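> Okay, here's the structure, questions in a sec.
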Amino acid sequence: MRRSLFLALGLAAFLLLGCRGPVEGLVGEYEAEGQAGAKLTLRPDGGGALAVGAEEAPFRWEIKDGRQLLLHTRQGGILALNLTAAGLEGDMPGAGKVVFLKK
């Protein structure tokens, strides 16, 4: 019984560590190009925040299919940003197309 538990935990740790590669490269702070005061923060724990001026909206994030970043808001909404060579880009409500560049 104990052996099975240790094997399961070891396998889970191996899978989690194997999935961290792309995530580590995305963690950090981003500024919106041409949008003064708009910042995006991605933390390594899967949390983050989108700040525009004095307002800040927390979210949790995940990578989908290795090329899209999904931001899950507390209100239940999902914002999708595409991973590009330049940074992160997508359509933001009320702002249109926005490109976030890593600081």
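> Need the failing condition index for E56 against (1) modelled with pLDDT under 95; (2) under 15 Å from L88 (Cβ atoms); (3) outside any loop (DSSP other than H, G, I, E, B), just the number.
Looking at each condition in turn, E56 falls short on (2).
> When region 54-82 is examined, which residues are found to be within 11 Å of the chain's Cα centre (by Cα) and touching a residue at least 40 places away in the same chain (Cβ under 8 Å)?
I63, L69
> Looking at (1) in a helix (DSSP H, G or I); (2) among the aliphatic types (A, V, I, L, M); (3) at pLDDT 90 or above, which is the only condition L79 fails?
All conditions are met except number (1).
> Take G94 and decide whether it is surrounded by fewer than 11 Cβ atoms within 10 Å (Cβ to Cβ), within 21 Å of G34 (Cα to Cα) and not β-branched (V, I, T).
Working: surrounded by fewer than 11 Cβ atoms within 10 Å (Cβ to Cβ): yes; within 21 Å of G34 (Cα to Cα): yes; not β-branched (V, I, T): yes.
So G94 passes the test.
> If you take the residues in region 59-70 that are assigned to a strand (DSSP E or B) and charged (D, E, K, R), which one is nearest to T41 (Cα to Cα)?
R60
> Taking interchain pairs and intrachain pairs at least six residues apart, which have beta carbon atoms under 8 angstrom, with the first residue in region 21-47 and over 19 Å from P58 (Cβ atoms) and the second modelled with pLDDT of 90 or more and not in a strand (DSSP E or B)?
E24/P44; E33/G87
The values are calculated or read from the model by the stated rules, or taken from the named source; none is laboratory data. Keep in mind the model is a prediction, meaning the values are calculated, not measured. Cβ coordinates were reconstructed from backbone atoms using ideal geometry, including for glycine residues, and neighbour counts include every protein chain displayed.
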